[in-house]
Amino acid sequence: MNSSTVQTVLIAANGLASLASAGFCVAGMFRPGLALPEGMAVNGGTHLYANAYGARAIPLAAVTLALLGMGDRSAVAPVLAVAGLAQIGDSAIGVQQRNKGMTICAGLLGVLHLASAWWFHMH
């Protein structure tokens, strides 16, 4: 696979990952109980967490999508690194909350973003 094809695949994959992250965020803001373990009650702290997550995830997804669309490799790598670290943090929260979906999904998106950041930095 040539460099141009890899770049196209990475842009598409990271764009979809950013959209998915923003989508999960919006869903969580409307239904904060989605991130909670089965049977745990939604309270004021749950709403605060969902909104605080939105304050970070939505702008980060927007910046990531904008930079991917512009194709500026020099700016894409550091933003993907930040997005990847944020996803790894979300995965750690998923582990703490015993939320398998959050743990696995955020972990995979984190690995995708970090590996892509490395590729864009190296090429």
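Read-outs throughout are calculated quantities, based only on the coordinates presented, and are distinct from any laboratory measurement. Because the structure is predicted, anything quoted here is derived from the model rather than measured. Backbone-built Cβ (ideal geometry, glycine too); neighbour counts: all protein chains shown.
How much length would be gained if the chain were fully extended between A27 and M1, taking 0.36 nm per residue of separation minus their Cα-Cα distance, in nm to one decimal?
Details: separation 26, 0.36 × 26 = 9.36 nm, distance 3.65 nm.
Extra length from A27 to M1 when fully extended: 5.7 nm.
When the Cα centres of region 96-120 and region 33-74 are compared, how far apart do they sit, in Å?
Spelled out, the Cα-based centre of one part sits 13 Å from the other.
Would you kindly give the portion of the calculated P(r) for the chain that falls above 16 Å, as a percent of all Cα pairs? Intermediate results must be reported in sequence, preceding the final value.
Working: 4509 of 7503 pairs.
That fraction is 60 percent.
If you place +1 on the Cβ of every Lys and Arg and -1 on the Cβ of every Asp and Glu, how big does the dipole about the Cα centre of the chain come out, in debye to the nearest 20? Don't jump to the answer; show the numbers that get you there.
Working: 5 positive and 3 negative charges, 21 e Å.
So the dipole magnitude of the chain works out to roughly 100 debye.
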